[in-house]
Structures are given as C-alpha cells and as structure tokens.
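In what follows, a single structure is set out as structure tokens and then discussed.
None of the figures in this text is laboratory data; all of them are computed from the coordinates on show. In this text the structure is predicted, and so the values were computed from the model without any measurement. Cβ: placed from backbone, ideal geometry, glycine included. Neighbour counts: every protein chain shown.
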C-alpha cells in the first residue's frame, strides 16, 4: 500500500480541484476550509515522502503497471521530495492568506489553486520528458487563470504577454522532444541517459542540438536572461497569493535543468555548452536584476527583481555542477523561495493600508498597524538581503566557499553587489513606508488573522533553516551526492548491464580528453 502513496501528491490536488470546481454553489467558507485542509494534508504527505527519500532510497512508480520505458514512471529521490515539500509549504501560506478575501475577488480560485499544485507536483515527480511537458501545460493553464483572477487592465495585459511567451516556449519544447525522441527512440529520462551513453557520430550532434533546445525552454521557465523580461510585469500584476505561489514557478525551470543536466546529459558532449550558457547567462541575470532592484519604484517589481537575482545565483551555480556547489544551492533554494513569497504577501498588507499610493515608493498616509507591518518587513528584508543571523547569509556563505578557481573572481563580486543592492533598495522602501509617511491622518484597514498566519508561516523558514542548519545541510549534501550518481536510477530501472555501458562510454570520453 505504501508504494501507492507516491502518486497521491498528484491525485490529491487533482481530486480536490475537480470537487472545488464542480461545487459552484458551495459557500466561500466551505471552499476555504476544503482548500486549506487539502493543502495541509499535502504538507503532511510531502513531509512523509521527504523522510522516505531521506534514507537514500530511489522509489519508482509505474502508472497502470506499465514498466519503463514503455509506461509512465514517477520517480521519488531526495531532490523531488525536497521540491514537493517546498511547494506544499509555500502553498499553505498562500492559501491561508487568500482566505482573508483575495479568493472572493474572482471565481474558482481554490479549484484553480489545487490544479496548479497538481501540475507542480507532477513536474517534480515525473521520470518522463513528455509527461514533464504535460505537467508544465497543466500548471501553466492554471496559472493563466490565477494571474487574471479579479480582472483589471494591468492583469489582462500582463496575462496576454505571459500566455504568448509560454505558448512559444511550449512549441519549442515539443520541437526539442521530437529531436531527442528521433535520436534516442525514448522519452524516459533514465532510458534516454543509457542510450545517449552508447551513441557516437552524427547521433551525438543531434542529441546535443535537442539538449540545447530543451535548456533554452527551461531557461524561459526559470526566467534567465535574456528570457526574463516577462517576469517583473507579470508577477507585479498578479494577486498577492498568486504572486507568492509563483515564487516556485521559476524553480520548476531550475529543477528541470538540474534534472536533465545531472541525469541525461551529465557525460554527453552537450554538457559543456549547457554549462557555458547557464554560467554566463546566470551572471548577467544577477547583474541586471541587481540594477532592476535599485531602479524599482514600487515594492512589487522590486520583489520580482529579487526573485531574478535568486534565479541568476541558482543557475550560475548549477553551471559549475560540483557536489559542493550543488549542496549550497539546495540549501539556498528553499530560503529564497519562501522569503520572496512572504514579501509579496507583506507588500499586499502594506498596499491595502496606503490607499491610492499602494506599494509605490511615495509618501502617503501613516500605516494603521505600522509596528506590526514594520516588524514583518524588517525580518523579510534582512532575510532577502542575506544578512546575519538568518538563513540567507548562511546560504550565500556556503555558496561562496564552494566556488573554486577562476569562478570566484566572477561570482563573488556579483553576489556581494547583488546583496548590497537588495540592502539599499529594501532600506529605501522601509524608510518610505514607515518613516516618511505624512503625519496626522491614519490609514484604515487591519491585518486579518488569516493574512498574518500566512505571512508568519512563510517567514518562519528564515530562523528555522538556521536553527536546523545541520540536518538541512546534511540532507542537501546527500542530495548533491545522489545527483552526482546518474547510474543509480538507470541501474534500478534497467539493471547493471546498462550501467556497464555507461561506465565504458565515460571511460572512452576520459581517454579522448
């Protein structure tokens, strides 16, 4: 029975989405309770799967009992379990916040929210490239509707831009899949890895072309320069709980790159151009996003550029592909995702008390709950700028220590510069919101219990990742070691003969070098 639990992170939100979408006459309170209960159950289920994956065991689940490479296979390892847990934790904070009233500004919010979770969880669990495409489309369809929840000219305009770009990305994704399937005859990731290991000649060139197309698509999803210009406007226009959930969307692209880079193309000729693309584009993303952080005149775009800084940091580190760097990146990833999500929620709390000024960095009425909002903002600002004693400082320190050689000369200055930009921008925003407001008239509105619960749930990650830094870093270190051994999933699915073929090819590659 326990092996069937692997499919529940997909089935649970799917069934929940169907029930919520079909229960049109149910009251708002009923839908809220159901959505919170479903998401909390998902948190508990993800935590159980995280514990199971923590033993180092690889778990495969053949849907319909059709075995790989002919059937659809789900795969649970340390990385996918970590991403499932991160998604569910972020989602619970977002849905709690939305229950304060954001969900009632449009129709079917909670059903679409659960559908988005289904697509995210499926993308993290699938062991098949075509089904990765399918789950991408599910989460994107849900995100289109959630982005325009509540309507408005700005959201419709940003949504149209977002849809067109992602449709282009989906078309390119299909082209990449066609190239890789034509060259390898399979779309199962582990099966593709063992077939590529035995290739030579023109077939290798075709696989390299398909691999580069695939990485470009994932770079669009991750918002890597020069493919990131859609993100600031899109995330700034989305409702606050949706924008906070979207903090995980760029990490889907990162996850996909990390997965195919470590499992499929780790020892292929495509590895070098992929690494070069990620390295230089990642560094450029950090630099230009830092400039965007300083130039932002509204808190929402400011947070969007902070998301881009984290994207550049993560993908530049992914290019180095060493266990030490991967360990540091996997520690930094949950922190930056949850804190950026919390910042979107805090921005909404500030904006709803400032009237027409909203979250723009201009003088307005004095906030009604200035001390509460100021405390929340201060914690988030310290965390996102990477200042001690919170987890952002530890994550950046681990990354800087892990980088070696000439890479230090490039990455260290940019990381420190981006941190300085974040510190300056957040200090300026805090000064405007909490010190430079007009005296006298006090803004109306209060922070509800649901909103406060959602924000505190996400902000708790900053001290907890420090307090449990030892176990968390041990887990990420073991995850990096597992990713560095692509032969393990191939051996478990197809036997030791496939591993021997991979080892022979790797030896030939080393001899050729």
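Descriptive notes on the structure:
- Pairwise label distance in nanometres, residue 153 with residue 229, each label 7 Å out on the Cα-Cβ vector: 2.3
- Working ranking of peptides 66-74, 186-194, 454-462, 405-413 by packing, defined as the average number of other Cβ atoms within 10 Å per residue, highest first, is 186-194, 454-462, 66-74, 405-413.
- Segment residue 416-residue 324, extension gain: residue separation times 0.36 nm, minus the distance between their alpha carbons: 31.2 nm
- By DSSP, the beta bridges lying fully in region 2-512 are antiparallel in about 80 percent of cases.
- FRET efficiency estimate (nearest 0.05) - Cβ-Cβ, residue 427 to residue 481, R0 51 angstrom: 0.80
- 0 to 90° range, to nearest 10: angle between helix 78-98 axis and the chain longest Cα axis: 20
- Matching label, volume of the Cα convex hull per residue in Å³ computed from the structure shown, candidates (1) 197; (2) 133; (3) 168: (2)
- Relative contact order [Cα under 8 Å, 6+ residues apart], the chain, whole percent: 16
- In a fully extended conformation the segment linking residue 30 and residue 468 would gain 154.1 nm over its present Cα-Cα distance, using 0.36 nm per residue.
- Highest to lowest packing among 313-324, 51-62, scored as the average C-beta count within 10 Å: 313-324, 51-62
- Extension gain, residue 216 back to residue 65 (0.36 nm per residue minus Cα-Cα distance, nm): 51.0 nm
- Within region 412-436, backbone nitrogen closer than 13 Å to the virtual label 7 Å beyond the Cα of residue 362 toward Cβ: none
- Mean Cβ neighbour count within 10 Å, used as a protection proxy, ranking 218-224, 10-16 highest first: 218-224, 10-16
- Relative to the dominant Cα principal axis of the chain, helix 28-53 is inclined by about 40°.
- Each stretch of four or more DSSP H residues adds -39500 (n - 2.57); spread over every residue of the chain, this sum gives -25000 deg cm²/dmol at 222 nm.
- Cα→Cβ-extended label distance, 7 Å offset, between residue 174 and residue 400, nm: 4.7
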